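Every number in this text was worked out from the coordinates using simple rules, so none of it is lab data. If you're wondering where the values come from, they're calculated on a predicted model, not measured in any experiment. Neighbour counts are summed over all protein chains in view; Cβ atoms, including those assigned to glycine, are modelled from backbone coordinates with ideal geometry.
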Amino acid sequence: MTFEVLLQGERWGLLEAPRPAPGGGVLFSDVTNGGVFRLAPDGELTTVLERRRGVGGLVPHRDGGLVVSGRDVSLASAGGELTTLPAPDGVTGFNDITTDDAGDVLAGGLRFHPFKGEEPVPGEVWRASTGEVAATGLLWANGLAVDGDTLYACDYARKSVMRAPVRGGHALEVFAASPRGSADGLALDADHHLWVALGDGAGLARIAPSGEVTEIVDVPTGFVTSLCFAGDTLYVTAVGALLRAPAPVAGLPVAPASV
């Protein structure tokens with residue numbers, strides 16, 4: 001797979017949360033420097049949400065705007081106004097987010113401060129519309145994806161992909177171990193294979209529904225944080241860089257948020 005570097009340089013910090021942008025191109029965040037951005041197909045870069053730090057996940061809303069993570073999960077209007085969604089007690093922040101088939105937002109909650117060097121403690125995946133627990137048993141919540149009735153979640157601390165039924169508050173169980181590095185962002189392709197960003201493993205792993213790692217793709221950058229499919233393009237975020245490559249397969253679309 002041949003990657004093209006779209007953005008790179010000292011301006012950029014920990015890039016994360018890529019999603020296909022309505023109208024084309026890609027949305028992404030800068031966790032450490034702050035902000036959500038859109039890179040259009042013609043290369044124009046615009047700021048969608050200013051300054052907000054810690055955005056480890058985002059999903060476009062069906063009525064416009066975005067749902068974004070951070071210290072809380074919020075709906076950001078097209079004008080940048082934020083509406084905070086229900087938040088459970090004791091959660092220090094939210095990392096990645098996704099939606100189920102109905103557009104309900106699922107958010108991975110943290111109960112420690114990773115950037116302060118604190119040791120991971122068990123957290124949960126929450127339904128942002130109600131504040132209810134969707135699944136338990138994550139130490140360090142990272143990439144999330146839903147395939148029908150199944151929730152997949154990367155646990156960065158365990159270097160594994162976990163899974164559980166998407167409803168009912170079940171405990172997540174190990175589905176597959178990372179073949180190298182860690183387990184960061186997550187995306188699904190149309191063949192129901194998982195694609196996992198390997199963090200300091202500087203690559204992507206494709207994992208079959210059986211849990212078998214079928215392919216490892218090297219990415220020409222250091223720390224790979226996440227990825228998304230957008231039509232015939234695969235976008236990859238990394239520390240200090242945004243890349244793209246022709247998608248080897250079609251992606252499974254993520255439903256717009258409906259909260």
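What list do you get for L204, L188, L138 if you sort them by fewest beta carbons within 10 Å?
Values: L204 24, L188 19, L138 28.
Listing L204, L188, L138 from fewest to most nearby Cβ atoms yields L188, L204, L138.
With θ taken as phi - 60° and the coefficients 6.51, -1.76 and 1.60, list the Karplus ³J(HN,Hα) couplings across the stretch 206-212 in order, rounded to whole Hz; mark glycine and proline as x.
9, 10, 6, x, 7, x, 7
If you place +1 on the Cβ of every Lys and Arg, -1 on the Cβ of every Asp and Glu, and leave all else neutral, what size is the dipole of the stretch 4-246 about its Cα centre, to the nearest 20 Debye?
Values: 18 positive and 31 negative charges, 93 e Å.
Rounded to the nearest 20 debye, it is 440 debye.
Under a 5 Å amide H to amide H cut-off, with H placed in plane at 1.01 Å, what residues pair with V48 once short-range neighbours are removed?
V36, F37, R38
Could you rank the peptides 31-40, 191-200 by their average count of other C-beta atoms within 10 Å per residue, with the highest value first? Can you show the working numbers first?
Working: 31-40: 18.0, 191-200: 22.3.
Ranked from most to least packed, the peptides come out as 191-200, 31-40.
Residues of the stretch 1-31 with the amide nitrogen closer than 20 Å to a label point 7 Å from the Cα of V213, along Cα-to-Cβ, please.
Only 1-2 fall inside the zone, counting backbone N under 20 Å.
Could you list R244, R19 so that the one with the fewest beta carbons within 10 Å of its beta carbon is first and the one with the most is last?
Details: R244 18, R19 24.
Lowest to highest Cβ neighbour count: R244, R19.
As a footprinting exposure proxy, order K159, K116 by other Cβ within 10 Å, with the fewest listed first. Please report the intermediate quantities before stating the final value.
Numbers: K159 19, K116 7.
Going from least to most buried by this count: K116, K159.
Take peptides 3-10, 205-212 and line them up by average Cβ neighbours within 10 Å, highest first, as a rough protection proxy.
Values: 3-10: 13.2, 205-212: 15.4.
The peptides rank, most packed first, as 205-212, 3-10.
Check which residues have an amide H placed less than 5 Å from A134's amide H, if you skip close sequence neighbours.
V125, W126, R127
With the crude spin-label approximation of a point 7 Å out along Cα→Cβ, what separation in nm comes out for L45 versus R180?
Result: 2.9 nm between the two label points.
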